[in-house]
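Colleague: After the C-alpha coordinates below, expect a handful of questions from me.
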Amino acid sequence: MLEVERLAAWHGPAQALFDVSLSVGAGEVVALLGRNGAGKSTTLKAIVGLLPRRTGRILFEGEDILRLSTPAIVRRGLGYVPEDRRVFTELTVAENLEVGRQPPRAGAPHWTPERLYALFPNLAQMRSRPGGRMSGGEQQMLTIARTLMGNPRLVLLDEPSEGLAPKIIEEMARVLLALKREGLSILLSEQNLHFARLICDRAVILESGRVRFSGTIAELEANPAVRDAYLAV
(Lines give C-alpha, C1' and ligand atoms only; values in the text may rest on other atoms or scores of the structure.)
Protein backbone atom coordinates (compact mmCIF):
# COMPACT_ATOMS: atom_id res chain seq x y z
CA MET A 1 0.00 0.00 0.00
CA LEU A 2 2.75 2.45 0.99
CA GLU A 3 6.51 2.25 0.36
CA VAL A 4 8.77 5.06 1.58
CA GLU A 5 12.33 4.79 0.30
CA ARG A 6 15.27 6.88 1.51
CA LEU A 7 13.06 9.85 2.35
CA ALA A 8 14.86 13.06 3.30
CA ALA A 9 13.04 16.27 4.24
CA TRP A 10 13.87 19.78 5.37
CA HIS A 11 12.31 22.45 7.58
CA GLY A 12 13.69 25.50 5.79
CA PRO A 13 17.49 25.11 5.66
CA ALA A 14 17.56 22.43 8.40
CA GLN A 15 17.41 18.77 7.37
CA ALA A 16 14.90 16.90 9.55
CA LEU A 17 14.75 13.41 7.97
CA PHE A 18 17.66 11.28 6.79
CA ASP A 19 17.04 8.30 4.48
CA VAL A 20 13.82 7.15 6.19
CA SER A 21 12.46 3.92 4.70
CA LEU A 22 9.29 2.12 5.81
CA SER A 23 6.29 0.29 4.41
CA VAL A 24 2.63 -0.31 5.23
CA GLY A 25 0.80 -3.31 3.79
CA ALA A 26 -2.89 -3.58 2.94
CA GLY A 27 -4.92 -3.75 6.15
CA GLU A 28 -1.81 -3.29 8.29
CA VAL A 29 -1.30 -0.89 11.20
CA VAL A 30 2.26 0.40 11.60
CA ALA A 31 3.50 2.63 14.42
CA LEU A 32 6.11 5.35 14.10
CA LEU A 33 7.60 5.47 17.58
CA GLY A 34 10.08 7.83 19.18
CA ARG A 35 10.53 10.63 21.65
CA ASN A 36 9.48 14.24 21.06
CA GLY A 37 11.45 15.70 18.18
CA ALA A 38 12.39 12.30 16.72
CA GLY A 39 10.83 13.11 13.35
CA LYS A 40 7.52 11.23 13.58
CA SER A 41 5.18 14.09 12.66
CA THR A 42 7.67 15.35 10.08
CA THR A 43 7.59 11.96 8.37
CA LEU A 44 3.80 12.00 8.09
CA LYS A 45 3.81 15.57 6.79
CA ALA A 46 6.47 14.69 4.23
CA ILE A 47 4.46 11.70 2.99
CA VAL A 48 1.31 13.77 2.50
CA GLY A 49 3.18 16.61 0.79
CA LEU A 50 3.09 19.30 3.48
CA LEU A 51 6.85 19.84 3.37
CA PRO A 52 7.98 21.46 0.12
CA ARG A 53 11.56 20.16 0.13
CA ARG A 54 11.82 16.36 0.02
CA THR A 55 13.89 13.75 -1.77
CA GLY A 56 13.56 9.98 -2.10
CA ARG A 57 10.55 7.98 -3.22
CA ILE A 58 7.03 7.70 -1.78
CA LEU A 59 5.05 4.98 -3.51
CA PHE A 60 1.32 4.88 -2.77
CA GLU A 61 -0.26 1.85 -4.43
CA GLY A 62 2.71 1.74 -6.77
CA GLU A 63 2.57 5.41 -7.85
CA ASP A 64 5.35 7.79 -6.85
CA ILE A 65 3.55 10.71 -5.15
CA LEU A 66 6.66 12.63 -4.06
CA ARG A 67 6.08 15.48 -6.53
CA LEU A 68 2.30 15.68 -6.14
CA SER A 69 0.50 18.39 -4.19
CA THR A 70 -1.29 17.55 -0.95
CA PRO A 71 -4.79 17.84 -2.54
CA ALA A 72 -3.71 15.51 -5.36
CA ILE A 73 -2.35 13.00 -2.84
CA VAL A 74 -5.55 13.08 -0.76
CA ARG A 75 -7.70 12.62 -3.87
CA ARG A 76 -5.82 9.36 -4.53
CA GLY A 77 -7.10 7.96 -1.25
CA LEU A 78 -4.51 8.87 1.36
CA GLY A 79 -6.07 10.45 4.46
CA TYR A 80 -4.26 12.57 7.04
CA VAL A 81 -5.30 13.32 10.63
CA PRO A 82 -3.05 16.08 12.03
CA GLU A 83 -1.88 16.25 15.61
CA ASP A 84 -3.63 19.54 16.36
CA ARG A 85 -7.23 18.40 15.68
CA ARG A 86 -8.19 21.02 13.13
CA VAL A 87 -11.96 20.88 13.51
CA PHE A 88 -14.09 23.74 12.22
CA THR A 89 -15.12 25.20 15.55
CA GLU A 90 -18.17 27.12 14.25
CA LEU A 91 -19.55 24.12 12.33
CA THR A 92 -21.56 21.35 13.96
CA VAL A 93 -20.41 17.75 14.12
CA ALA A 94 -22.66 16.90 11.16
CA GLU A 95 -21.35 19.85 9.16
CA ASN A 96 -17.73 18.94 9.93
CA LEU A 97 -18.38 15.47 8.52
CA GLU A 98 -19.88 16.90 5.34
CA VAL A 99 -16.73 18.95 4.75
CA GLY A 100 -14.76 15.71 4.43
CA ARG A 101 -17.17 13.92 2.08
CA GLN A 102 -15.71 12.37 -1.09
CA PRO A 103 -17.23 9.84 -3.50
CA PRO A 104 -16.93 6.10 -2.77
CA ARG A 105 -13.54 4.70 -3.69
CA ALA A 106 -12.78 1.27 -5.12
CA GLY A 107 -10.89 -0.91 -2.66
CA ALA A 108 -11.69 1.28 0.34
CA PRO A 109 -14.38 1.08 3.04
CA HIS A 110 -17.35 3.32 2.19
CA TRP A 111 -18.21 5.61 5.08
CA THR A 112 -21.45 7.50 5.63
CA PRO A 113 -22.41 9.70 8.59
CA GLU A 114 -24.64 6.94 9.96
CA ARG A 115 -21.84 4.36 9.79
CA LEU A 116 -19.51 6.79 11.53
CA TYR A 117 -22.07 7.55 14.24
CA ALA A 118 -22.25 3.81 14.89
CA LEU A 119 -18.44 3.69 15.15
CA PHE A 120 -18.29 6.85 17.29
CA PRO A 121 -21.37 6.73 19.60
CA ASN A 122 -20.36 9.93 21.37
CA LEU A 123 -20.52 11.86 18.09
CA ALA A 124 -23.99 10.48 17.43
CA GLN A 125 -25.19 12.17 20.61
CA MET A 126 -23.84 15.60 19.62
CA ARG A 127 -24.59 15.91 15.90
CA SER A 128 -25.75 19.51 16.32
CA ARG A 129 -22.96 20.59 18.68
CA PRO A 130 -20.37 23.06 17.32
CA GLY A 131 -16.85 21.68 17.12
CA GLY A 132 -15.61 24.44 19.44
CA ARG A 133 -17.80 23.14 22.28
CA MET A 134 -16.28 19.67 22.35
CA SER A 135 -13.58 18.18 24.57
CA GLY A 136 -10.15 17.38 23.20
CA GLY A 137 -10.97 13.68 22.97
CA GLU A 138 -14.26 14.37 21.20
CA GLN A 139 -12.49 16.67 18.73
CA GLN A 140 -9.93 13.94 18.04
CA MET A 141 -12.72 11.48 17.26
CA LEU A 142 -14.41 14.05 15.02
CA THR A 143 -11.20 14.72 13.11
CA ILE A 144 -10.74 11.00 12.44
CA ALA A 145 -14.39 10.62 11.41
CA ARG A 146 -14.15 13.59 9.04
CA THR A 147 -11.06 12.06 7.41
CA LEU A 148 -12.91 8.75 6.99
CA MET A 149 -15.68 10.59 5.10
CA GLY A 150 -13.11 10.84 2.30
CA ASN A 151 -13.14 7.02 2.04
CA PRO A 152 -9.34 6.69 2.22
CA ARG A 153 -7.44 3.47 1.59
CA LEU A 154 -4.71 4.48 4.01
CA VAL A 155 -4.73 6.97 6.89
CA LEU A 156 -1.78 8.83 8.41
CA LEU A 157 -2.65 9.43 12.06
CA ASP A 158 -0.50 11.84 14.08
CA GLU A 159 -0.28 11.22 17.86
CA PRO A 160 -3.86 9.94 18.33
CA SER A 161 -3.52 9.31 22.07
CA GLU A 162 -1.64 12.48 23.04
CA GLY A 163 -3.25 14.42 25.89
CA LEU A 164 -6.23 12.07 26.19
CA ALA A 165 -7.57 10.53 29.40
CA PRO A 166 -7.01 6.77 29.82
CA LYS A 167 -10.71 6.01 29.21
CA ILE A 168 -10.62 7.95 25.92
CA ILE A 169 -7.40 6.19 24.91
CA GLU A 170 -9.18 2.85 25.37
CA GLU A 171 -12.01 4.11 23.16
CA MET A 172 -9.49 5.25 20.56
CA ALA A 173 -7.91 1.79 20.54
CA ARG A 174 -11.36 0.22 20.04
CA VAL A 175 -12.02 2.50 17.06
CA LEU A 176 -8.67 1.81 15.41
CA LEU A 177 -9.08 -1.95 15.83
CA ALA A 178 -12.52 -1.65 14.20
CA LEU A 179 -10.96 0.25 11.28
CA LYS A 180 -8.30 -2.44 10.99
CA ARG A 181 -11.03 -5.07 10.72
CA GLU A 182 -12.55 -3.00 7.89
CA GLY A 183 -9.28 -3.49 6.00
CA LEU A 184 -8.05 0.11 6.37
CA SER A 185 -4.27 0.60 6.37
CA ILE A 186 -2.95 2.94 9.07
CA LEU A 187 0.41 4.57 9.72
CA LEU A 188 0.36 6.32 13.09
CA SER A 189 2.93 8.31 15.01
CA GLU A 190 2.88 7.60 18.72
CA GLN A 191 4.85 7.96 21.94
CA ASN A 192 2.64 5.65 24.00
CA LEU A 193 4.14 2.18 23.54
CA HIS A 194 1.30 0.51 25.44
CA PHE A 195 -1.22 2.05 23.03
CA ALA A 196 0.83 0.92 20.03
CA ARG A 197 0.98 -2.62 21.43
CA LEU A 198 -2.81 -2.82 21.43
CA ILE A 199 -3.36 -2.10 17.75
CA CYS A 200 -0.14 -2.24 15.70
CA ASP A 201 1.39 -5.08 13.69
CA ARG A 202 4.82 -3.52 13.26
CA ALA A 203 6.84 -0.59 14.57
CA VAL A 204 9.45 1.77 13.18
CA ILE A 205 11.49 3.74 15.71
CA LEU A 206 12.88 7.14 14.76
CA GLU A 207 15.57 9.10 16.53
CA SER A 208 16.95 12.41 15.21
CA GLY A 209 15.20 11.83 11.89
CA ARG A 210 16.75 8.41 11.30
CA VAL A 211 15.29 4.89 11.48
CA ARG A 212 16.82 3.04 14.44
CA PHE A 213 14.56 -0.04 14.47
CA SER A 214 12.03 -1.68 12.16
CA GLY A 215 10.24 -4.90 13.00
CA THR A 216 7.20 -6.54 14.49
CA ILE A 217 5.78 -5.55 17.85
CA ALA A 218 6.87 -8.96 19.16
CA GLU A 219 10.44 -8.30 18.02
CA LEU A 220 10.37 -4.92 19.76
CA GLU A 221 9.02 -6.50 22.94
CA ALA A 222 11.92 -8.95 22.86
CA ASN A 223 14.50 -6.16 22.56
CA PRO A 224 14.57 -4.15 25.81
CA ALA A 225 17.88 -2.51 24.84
CA VAL A 226 16.20 -0.81 21.86
CA ARG A 227 13.22 0.29 23.97
CA ASP A 228 15.52 1.71 26.65
CA ALA A 229 17.75 3.48 24.11
CA TYR A 230 15.05 5.17 22.01
CA LEU A 231 11.73 5.11 23.88
CA ALA A 232 12.46 5.39 27.61
CA VAL A 233 11.88 8.84 29.10
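The values are calculated or read from the model by the stated rules, or taken from the named source; none is laboratory data. Model, not experiment: these values are computed from the prediction. As a convention, Cβ positions derive from the backbone with ideal geometry for all residues, glycine included, and neighbour counts pool all protein chains shown.
Colleague: For segment 149-158, check the following and say yes or no: at least one residue is out of contact with any strand residue (DSSP E or B) (no Cβ under 8 Å at 6 or more places or on another chain) and closer than 19 Å to V175 by Cα. Step through it out loud before you land on a result.
Modeller: Residues of segment 149-158 out of contact with any strand residue (DSSP E or B) (no Cβ under 8 Å at 6 or more places or on another chain): 149, 151.
Next, only the ones that are closer than 19 Å to V175 by Cα stay: 149, 151.
Among the residues of segment 149-158, at least one is out of contact with any strand residue (DSSP E or B) (no Cβ under 8 Å at 6 or more places or on another chain) and closer than 19 Å to V175 by Cα, which makes the answer yes.
Colleague: Next question. Give just the number: which of (1) modelled with pLDDT of 95 or more; (2) out of contact with any strand residue (DSSP E or B) (no Cβ under 7 Å at 6 or more places or on another chain) does A46 not satisfy?
Modeller: Among (1) modelled with pLDDT of 95 or more; (2) out of contact with any strand residue (DSSP E or B) (no Cβ under 7 Å at 6 or more places or on another chain), A46 violates only (2).
For (1) loosely packed, with under 15 Cβ neighbours inside 10 Å; (2) under 22 Å from S21 (Cβ atoms); (3) touching an Asp or Glu at 6+ places or on another chain (Cβ under 6 Å); (4) touching a residue at least 12 places away in the same chain (Cβ under 8 Å), each residue gets a yes or a no:
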position: L148; (1), (2), (3), (4): no, no, no, yes
position: S161; (1), (2), (3), (4): no, no, no, yes
position: P166; (1), (2), (3), (4): yes, no, no, no
position: A203; (1), (2), (3), (4): no, yes, no, yes
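Colleague: Still on this model: For residues that are under 20 Å from P160 (Cα atoms) and modelled with pLDDT under 95, tally how many sit in segment 85-110. Give the steps one after another, and end with the answer.
Modeller: To start, the set of residues in segment 85-110 that are under 20 Å from P160 (Cα atoms) comprises 85-89, 93, 96-97, 100.
Filter once more, keeping what is modelled with pLDDT under 95: 85-89, 100.
So the answer is 6.
Colleague: Which of the residues that make up segment 176-191 are under 14 Å from the mean Cα position of the chain (by Cα) and in contact (Cβ under 8 Å) with a residue 24 or more places away in the chain? Spell out the reasoning first.
Modeller: Step one: list which residues in segment 176-191 are under 14 Å from the mean Cα position of the chain (by Cα), which gives 176-177, 179-180, 184-191.
Hits for segment 176-191 are L176, L179, K180, L184, S185, I186, L187, L188, S189, E190, Q191.
Colleague: Among the residues of segment 90-101, count how many are part of a loop (DSSP other than H, G, I, E, B) and either touching a Lys or Arg at 6+ places or on another chain (Cβ under 8 Å) or free of Cβ contacts under 8 Å to residues at least 40 places away in the same chain (or both). Spell out how you get there, then give the answer.
Modeller: Within segment 90-101, the subset part of a loop (DSSP other than H, G, I, E, B) is 90-91, 100-101.
Subset that is either touching a Lys or Arg at 6+ places or on another chain (Cβ under 8 Å) or free of Cβ contacts under 8 Å to residues at least 40 places away in the same chain (or both): 100.
Residues meeting the conditions: 1.
Colleague: It is to be established whether one or more residues within segment 56-75 are in contact with a helix residue (DSSP H, G or I) (Cβ under 9 Å, 6 or more places away or on another chain), more than 23 Å from V20 (Cα to Cα) and modelled with pLDDT of 95 or more.
Modeller: no
Colleague: Here is a check on your reading of the model: is E90 surrounded by 15 or more Cβ atoms within 10 Å (Cβ to Cβ) and acidic (D, E)? Step through it out loud before you land on a result.
Modeller: Details: surrounded by 15 or more Cβ atoms within 10 Å (Cβ to Cβ): no; acidic (D, E): yes.
Against the criterion (surrounded by 15 or more Cβ atoms within 10 Å (Cβ to Cβ) and acidic (D, E)), E90 does not qualify.
Colleague: Count, please, the residues in segment 39-81 that happen to be assigned to a strand (DSSP E or B) and touching a residue at least 24 places away in the same chain (Cβ under 8 Å).
Modeller: Of the residues in segment 39-81, the ones assigned to a strand (DSSP E or B) are 54-60, 63-64, 78-81.
Among the residues that remain, those that are also touching a residue at least 24 places away in the same chain (Cβ under 8 Å) are: 54-60, 78-81.
The number of residues fulfilling the criteria is 11.
Colleague: Which count do you get for residues in segment 96-133 that are among the hydrophobic types (A, V, I, L, M, F, W, C), over 18 Å from I186 (Cβ atoms) and buried (at least 16 other Cβ atoms within 10 Å of the Cβ)? Lay out the reasoning, then the answer.
Modeller: The first filter runs over segment 96-133 and keeps only residues among the hydrophobic types (A, V, I, L, M, F, W, C), leaving 97, 99, 106, 108, 111, 116, 118-120, 123-124, 126.
The next check asks that each one be over 18 Å from I186 (Cβ atoms); those that pass are 97, 99, 106, 118, 123-124, 126.
From what is left, the residues that are buried (at least 16 other Cβ atoms within 10 Å of the Cβ) are 97, 123, 126.
The qualifying residues number 3.
Colleague: Scan segment 218-233 residue by residue and report those that are over 17 Å from F195 (Cβ atoms), of a type in the set (A, V, I, L, M), surrounded by fewer than 16 Cβ atoms within 10 Å (Cβ to Cβ) and within 25 Å of the chain's Cα centre (by Cα).
Modeller: Filtering segment 218-233 for residues over 17 Å from F195 (Cβ atoms) gives 219, 222-226, 228-229.
If we keep only those that are of a type in the set (A, V, I, L, M) too, we end up with 222, 225-226, 229.
The next check asks that each one be surrounded by fewer than 16 Cβ atoms within 10 Å (Cβ to Cβ); those that pass are 222, 225, 229.
A229, the sole residue that qualifies.
Colleague: May I ask you to say which residue of T112, T92, T55, T70 is within 27 Å of Y230 (Cβ to Cβ) and either of a type in the set (V, I, T) or out of contact with any Ser or Thr (no Cβ under 9 Å at 6 or more places or on another chain) (or both)?
Modeller: Details: T112 fails: within 27 Å of Y230 (Cβ to Cβ); T92 fails: within 27 Å of Y230 (Cβ to Cβ); T70 fails: within 27 Å of Y230 (Cβ to Cβ).
Answer to the selection: T55.
Colleague: Sticking with this structure for a sec: Hey, G136 hits all of (1) surrounded by fewer than 21 Cβ atoms within 10 Å (Cβ to Cβ); (2) touching a helix residue (DSSP H, G or I) at 6+ places or on another chain (Cβ under 8 Å) but one; which does it fall short on?
Modeller: (2)
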